[in-house]
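Peer 1: Take a look at this one; I'll ask things after.
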Amino acid sequence: MMSAPDSPLKHYLWPFFVLMFFVLSISVTAVPEVAASENGGHKAENRQQKRLQAHKPSDKSEDTAQQRLRLILPEATEISSPEGDFGIRTIKGNDRLLGYMFETINVANIPAYSGKPINMQVILSPEAVILDAWLLEHHEPILLVGIPEQKLVDFGVAYQGIRADQRVVVGSTNDENAVTVDAITGATVTVMVVNEIIMKATHTVAASLGLVEAQLSQKQKPANILPEVYSNAGWQQLTGDGSIRRMHLLRSQVDESFRGTDAEQVEKATADQLNDTFIDLYVAYLNAPTIGRNLLGDSQYRFLMEELKPGEHAIAVLANGMFSFKGSGYVRGGIFDRIQLRQFGDVISFRDLDQQRLYDVMADGAPEFKEKSLFIIRDKSHFDPGTDWTFELLVRRQTGPVDGVFTSFELGYQLPQTYFERPALTAEELAAIEEANRPLWLNIWYQKSFQIGVLITALGVLLVILFLQDYFTSKPAFLHWLRRGYLLFTVFFIGWYCLGQLSVVNVLTFVHSLMQGFRWELFLSDPVIFILWAFTAATILLWGRGVFCGWLCPFGALQELINEAARKLKIRQYELPFALHERLWAVKYIILLGLFGLSLESLSTAERYAEVEPFKTAIMLKFSREWGFVFYAVLLLVINIFTRKVYCRYICPLGAALAIPSKARLFDWLKRRKECGQPCQLCANECEIQAIHPDGHINHNECHYCLDCQMTYHNDHKCPPLVAKRKKQQRNKPVPQRIPVVQMDPQN
């Protein structure tokens, strides 16, 4: 019987899917970007960091915000409009500050497994305690069509009472100070992303409001100043070894920094003023005795050290020239707006209470200074004297009544090594820091190391079976039991334990990620799914779709085991005529094309219609779901009792997606003889999914690689050509001659 011609659509789409699977199997190495900077000199750059635009809430989210606010803070009487880059709302009640409210999408726009961010509404107390974390919007497939959404809502609410500066870990951790929360069964990846969204956004907002300290990126303990290290040193020696750093700016340098801005002509120096000193500034770290005692004198240094609290540090800023580093803004606003420090990417600003007047510099050879001040770095800044830091001088030129342009000049500072020591981290601290600094997806891989190890071992066993299939198929009894055991492993471990059920939703998500900006984190966040996809991509090129569909699909394995049990119980089996069976193959391709078309309009809609797959009901949720979904999955399994794998053969859109790149299969591992199909029909009749055509050739788009036909191929008691050959050999084998036995008379 002639097979139906291939659809032209396949020839246009299969190269794209081949490319998709190739990309999934390639590892990516990120190259860190290294930035170098000079210790002295100046830079004219705008230091305002770019942040996300404030998300404009919809009417629905506005209603939700008001409802949650009334529930969490019933005493609230006033709520402000969203303010700042993070869209923070201030909540008051009877002129008393009650808290703050914001949406996480404005702060931490982190994509979840769907490739789209999850948006939470967080209410934060003035003490930096989370009062509420409420789900506003998500696009997660497992929650759209599987796990009840209320579970994710309850997961967010569980963050009530957690401080913004606490570390929260989903599952277990080596950090004894961390707060642990339980994952949602079947949605571990999603809740780990939600955890990162809530805590990262909350900490960022709390730090911007001054409720908690900004988090540091350092991986070592702060250095300790050595109080016993002291030697007499004059001004020349202190400036020579870097204990005191200098920034000398000419007016020409300052004018150059404003070139191309609106302030280019403001306060511009004349030709004879270009080489005039704009500011001659010196900075020194005072806690180190050799620096502090020589600059301040013994008495003033002792008074300063007694005044400093644990974790506080002092610097001296000395200057001459036409520009004042103090200015007058601190008199009105209490903040010094012309100087600041930077360390670990964080800004350290000074208020009027952080400044002390310095009356004299005691070091021998020190010049006279027009301005002299001490500035205290408070402990909340987590300043590390042993790590290099930057002193920034901010110069502003007025361009209008309220408008102005800033430029900054940087002076790098590194405390000489002889003045400090750095305590070593304990093994526990190193482990906790390593865990905290790992990317989210890498933490997931560590947490699932047992699952990954077992899965990779099982895939290695499967590769051995596939490469040595001729050996195994020559031992059919052993291979039958080996295959049954592997299918049980696929159902129970890969499916019900690891939730490693691939889905057409993964294919649609991958295609959309290519169109909208590919990110490896989206796929690495579920290691079991990623490993299965990579293995499936490789085996498609070598063997075709059958390796996944016949060995690694949990729902397919469940069907096959049920049908085999039915056959053992002598339940009658039914098969469709091959002509009808062949035409029904096209149904799954039509379903795939329909889902792909829907996804171009709305991925969420396509994800809902992807419920044509019973995978989530039968495997991921273990039939714990609404009765309609359970009825559909059970109906497919009941039909499967009477004819093998009806769903896989005719309905499965994932099978269709995998069959398309199977056209690029590199080898034909399944052996055939010239007698197959004409006249022998044994394999075609025995193939339980009817993947062998009456003419004898195997349709690899439909083959599930069960190897039954290969067991027949090697069986000289079953394969008709081999049976005939064996009988012929036996007929032509010479019959041994028999020698008659004659009994001798013992008397003769």
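Peer 1: Out of the total accessible area of region 358-406 (probe 1.4 Å, heavy atoms of protein only), what percent is carbon and sulfur?
Peer 2: Reported share for carbon and sulfur atoms: 48 percent.
Peer 1: Ignoring ligands and nucleic acids, what accessible area does GLU613 show with a 1.4 Å probe (Å², nearest 10)?
Peer 2: 0
Peer 1: Another one. Top to bottom by accessible area (1.4 Å), largest first, where do HIS382, HIS717 land? Can you show the working numbers first?
Peer 2: Working: HIS382 85, HIS717 135 Å².
Greatest to least solvent exposure: HIS717, HIS382.
Peer 1: If R₀ is 35 angstrom, what is the calculated FRET efficiency for the pair GLU149 and VAL587, using the beta carbon separation as r and rounding to 0.05?
Peer 2: 0.65
Peer 1: Here's something else I'd like to know. Using a 10 Å cut-off on Cβ atoms, rank the peptides 550-562, 153-165 from the highest mean neighbour count down.
Peer 2: For the peptides 550-562, 153-165, the packing ranking is 550-562, 153-165.
Peer 1: At 0.36 nm per residue, minus the direct Cα-Cα distance, what do ARG673 and ASP85 gain on full extension? Give it in nm, one decimal, please.
Peer 2: Numbers: separation 588, 0.36 × 588 = 211.68 nm, distance 7.19 nm.
Difference between extended and current length: 204.5 nm.
Peer 1: Ok, one more. Once Lys and Arg get +1 and Asp and Glu get -1 on their Cβ, which of VAL612, PHE555, LEU592 lies farthest toward the positive end of the dipole of region 535-619?
Peer 2: Going by the charge dipole, the pick is PHE555.
Peer 1: Please compute the modelled spin-label separation between TYR471 and ALA271, points set 7 Å along Cα→Cβ, answer in nm with one decimal.
Peer 2: Placing both labels 7 Å beyond Cα along the Cβ direction yields 9.3 nm.
Peer 1: Counting each pair of different Cα atoms once, what's the Kirkwood radius of region 393-511 in Å, rounded to one decimal? Display every interim value, and only then the final one.
Peer 2: Numbers: mean 1/r = 0.0462 Å⁻¹.
In region 393-511 this quantity evaluates to 21.6 Å.
Peer 1: Can you give the FRET efficiency for ALA178 and GLN516, using 1/(1 + (r/R0)^6), R0 = 45 Å, r = Cβ-Cβ distance, to the nearest 0.05?
Peer 2: Result of the calculation: an efficiency of 0.85.
Peer 1: Just to confirm, what accessible area per residue do you get for region 513-670 at 1.4 Å probe, in whole Å²?
Peer 2: Value for region 513-670: 40 Å² per residue.
Peer 1: Return the distance in nm (one decimal) between the two label points of a simple spin-label model at ASP241 and VAL612, each offset 7 Å from Cα along Cα→Cβ.
Peer 2: Distance between label points: 7.8 nm.
Peer 1: Could you pull the accessible area for VAL191 with a 1.4 Å probe, rounded to 10 Å²?
Peer 2: VAL191 has an accessible surface of roughly 0 Å² with all protein chains in place.
Peer 1: Mind checking the full-extension length gain between TYR359 and LYS568? Use 0.36 nm per residue of separation minus the Cα-Cα distance, one decimal, nm.
Peer 2: Once the chain is fully extended between TYR359 and LYS568, it gains 65.3 nm.
Peer 1: Taking the highest mean first, how do the peptides 302-311, 618-627, 682-691 order by number of other beta carbon atoms within 10 angstrom per residue?
Peer 2: Peptide ranking by packing, descending: 682-691, 618-627, 302-311.
Peer 1: When you count, for each residue, the other Cβ atoms within 10 Å and take the mean per peptide, how do 660-671, 359-370 rank with the highest first? Don't skip to the answer; put the middle values down first.
Peer 2: Details: 660-671: 16.8, 359-370: 14.1.
For the peptides 660-671, 359-370, the packing ranking is 660-671, 359-370.
Peer 1: With a/c under 1.5 counting as rounded, go ahead and sort region 200-315 into rounded, prolate or oblate using the C-alpha gyration tensor (a ≥ b ≥ c being the square roots of the eigenvalues; past the cut-off, prolate if a/b is larger than b/c, else oblate).
Peer 2: oblate
Peer 1: Now for a separate question. Multiply the residue gap between ALA158 and THR457 by 0.36 nm, knock off their C-alpha separation, and tell me the result in nm, one decimal place.
Peer 2: Result: 103.9 nm gained on full extension.
Peer 1: Of all the accessible heavy-atom surface of region 626-709, with the other protein chains kept in place and a 1.4 Å probe, what percent is carbon and sulfur?
Peer 2: C and S fraction of accessible area: 66 percent.
The values are calculated or read from the model by the stated rules, or taken from the named source; none is laboratory data. This structure is a prediction, so every number in the text was calculated from the model and none was measured. We place every Cβ from the backbone using ideal geometry, glycine too, and count neighbours over all the protein chains shown. With ligands, DNA and RNA removed, areas are computed over all heavy atoms of the protein, side chains included. Shrake-Rupley method; radii C 1.70, N 1.55, O 1.52, S 1.80 Å.
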